[in-house]
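The values are calculated or read from the model by the stated rules, or taken from the named source; none is laboratory data. As the structure is a computational prediction, the values presented were derived from the model and not from experiment. Neighbour counts run over all protein chains shown; Cβ positions are idealised from the backbone, glycine included. SASA here: full protein model, heavy atoms, side chains in, ligands and nucleic acids out. Shrake-Rupley method; radii C 1.70, N 1.55, O 1.52, S 1.80 Å.
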Amino acid sequence: QVQLVESGGGLVQPGGSLTLSCRASGFSFSSYAMGWFRQDPERELVASISAFGGSTDYEPSVKGRFTISRDNAKKMVYLQMNDLKPEDTAVYYCAKARDAATWYSAKYDDWGQGTQVSVSS
């Protein structure tokens, strides 16, 4: 079974940084694009990365502040978040692309349980 487990969330002051991690198992990790979503309360894709890490895409409000990366040997996906703003407060989810060998405009399935990110003074 596909399993995605997020960690690294917490409470941070505006302007601070957090790194989220996602541990993946149960599928051919290096064959699938991965993404980070957030829900507050609607779910939106904030960052995505192609199977081999060569291409990334970001929601405009996080571009220049967030960086998505992956380590296929470790089956890990990361989201480095800098200059955090109160508007970034949400539950963040790691997700797997539905179809192998797709990235741009990919559909996603198999979300993790999520990790809470709260940005407040």
What lysines could a cross-link reach from residue 107, if we take a straight Cα to Cα line under 19 Å and drop same-chain neighbours fewer than 8 places away?
96
Which percent of the accessible heavy-atom area of the stretch 7-49 goes to carbon and sulfur, probe 1.4 angstrom?
45 percent
Cross-link partners among lysines for residue 85, C-alpha distance below 25 Å, same-chain residues fewer than 8 apart left out?
63
Work out the charge dipole of the chain with +1 on the Cβ of Lys and Arg and -1 on the Cβ of Asp and Glu about the Cα centre, then indicate which of 86, 55, 117 is farthest towards its positive end.
55
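In the stretch 7-38, which chymotrypsin sites (Phe, Trp or Tyr not before Pro) fall in coil by DSSP and have 16 or fewer other Cβ atoms within 10 Å?
Details: sites: 27, 29, 32, 36, 37; in loops: 27, 32.
Qualifying residues, ordered by number: 27.
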Which label marks the calculated value of Cα extents along the principal axes in Å, given the options [x] 41, 27, 25; [y] 44, 28, 26; [z] 48, 26, 26?
[x]
Choose one of 45, 76, 66: the residue whose Cα lies farthest towards the positive end of the charge dipole of the stretch 28-89 (beta-carbon charges +1 Lys, Arg; -1 Asp, Glu; about the Cα centre).
76
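Suppose every Lys and Arg Cβ carries +1 and every Asp and Glu Cβ carries -1, with no other charges. What dipole size does the chain come out with about its Cα centre, to the nearest 20 debye? Walk me through the numbers before you get to the answer.
Working: 12 positive and 13 negative charges, 68 e Å.
So the magnitude is around 320 debye.
So, for the chain, what is the accessible surface per residue at a probe of 1.4 Å, expressed in square angstrom?
On the way: 6210 Å² over 121 residues.
About 51 Å² of surface per residue is accessible.
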How much length is gained on full extension from residue 28 to residue 107, taking 0.36 nm per residue of separation minus their Cα-Cα distance?
26.8 nm
At 7 Å along the Cα-to-beta-carbon direction for both residue 98 and residue 83, put a label point, then send me their distance in nm to one decimal.
3.5 nm
Length-normalised contact order of the chain, Cα under 8 Å, at least 6 apart, in percent, tallies to 35 percent
Evaluate E = 1/(1 + (r/R0)^6) for residue 45 and residue 13, where r is the Cβ-Cβ distance and R0 equals 25 Å; express this FRET efficiency to the nearest 0.05.
0.45
